[in-house]
Amino acid sequence: MKYYRENYDIDKICPLWADYQVVQMIKPSSIILEIGCATGYIGKFLKEKRNCKMYGIEIDKEAAKLAQPYYKKIIVGDVEDENTLSTLNYELPIMNYFDYILCMNVLEHLKDPKNVLKNIRKYLKSDGYLIICVPNVAHWAVRLRLLFGDFGDDRKIFGEHGIAVLDETHLRFFTLKKIKQLIIESGYDILRLTIDPDKGIPKIHGLVLRIPNGWKILKAFYSIWPTLFAGQFVILTKPRF
């Protein structure tokens, strides 16, 4: 099952990874809606380590079943289906309910991500935040393959899992300019934007990580050219009311 992560301790993963960055943005005891909660590894951490109240939307019934113990409520359905979001109206006491909405590795799977971002705004508190993670199609590995006339499988460079940019289930592809445009046009302001370099430059990335606090060296290096080295963009936004 995709995004199934067993015995996954976010406290112990590399601080450069998107999952680690996202949970550091969230205040304890928050009320959170996670769109595409998969098997609930983010919800588990936030519930147990941050005392957060979790709600989820997940299209995969099997994944939702595994995630259920960590969420107050999981709605099984497609977030692009009006009936799925309408279910929230019956499940929650009021609108403007959530401190955070998480939209991690979701937008690239949607037919109309702008419409979804507009529709979920009403569920955020006036001081709430939307956190977005999307893969960067302008990553150096993709550019390199295009240079040689190939838009194929990046696993040839990175191994079994690739960098998750060219996943066959992706309907949308984002550059930094494109995701910024989408966020602004959907009615949000960007407060913070960082990158997850994923596997960075193979071999060099792994070697530097063996150095104490090597991730800080990598962060400084990758930040020189984020549009080239970002495997994912990690974006903290606030709705514009």
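Structure above, values below:
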read-out	value
Highest-MSF residue in the chain out of R143, R172, R50 [GNM, Cα springs under 10 Å]	R143
FRET efficiency estimate (nearest 0.05) - Cβ-Cβ, N96 to I13, R0 45 angstrom	0.85
Beta bridges per DSSP with both ends in the chain, % antiparallel, nearest 5	40
The stretch 27-100: equivalent-ellipsoid semi-axes (sqrt of 5 x gyration tensor eigenvalues, Cα, Å)	19, 16, 8
Of I74, I184, I35, the one that fluctuates the most in a GNM where the chain has Cα springs shorter than 10 Å	I184
Percent accessible area from carbon and sulfur atoms, the chain, protein chains only, probe 1.4 Å	54
Rounded Å value of the spacing that divides the Cα centres of the stretch 187-218 and the stretch 26-40	23
Flagged links, alpha-carbon separation over 20 Å, of K61/K122; K114/K178; K49/K72; K122/K238; K47/K199; K178/K238	K61/K122; K47/K199
Neighbour net charge for S30 - beta-carbon separation under 9 angstrom, K R +1, D E -1	+2
Label-point separation, K178 to N83 (7 Å along Cα→Cβ), nm	3.1
Calculated log₁₀ intensity ratio I(q)/I(0) where the Debye formula runs over C-alpha points of the stretch 1-70, q = 0.15, 0.23 Å⁻¹	-0.44, -1.05
Nearest-ten-degree value, helix 41-50 long axis tilted from longest Cα axis of the chain	70
Fluctuation leader among K125, K49, K12 - the chain, Gaussian network, Cα springs under 10 angstrom	K12
Cα-based helix-to-principal-axis angle, 176-185 vs the chain, degrees rounded to 10	20
Debye equation applied to the C-alpha atoms of the chain, log10 I(q)/I(0) at 0.12 Å⁻¹	-0.68
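The values are calculated or read from the model by the stated rules, or taken from the named source; none is laboratory data. Keep in mind it's a predicted model, so treat the numbers as computed, not measured. Positions of Cβ are backbone-derived with ideal geometry, glycine not excepted, and every protein chain shown enters the neighbour counts. Side chains included, ligands, DNA and RNA excluded: accessible areas come from the protein's heavy atoms. Shrake-Rupley method; radii C 1.70, N 1.55, O 1.52, S 1.80 Å.
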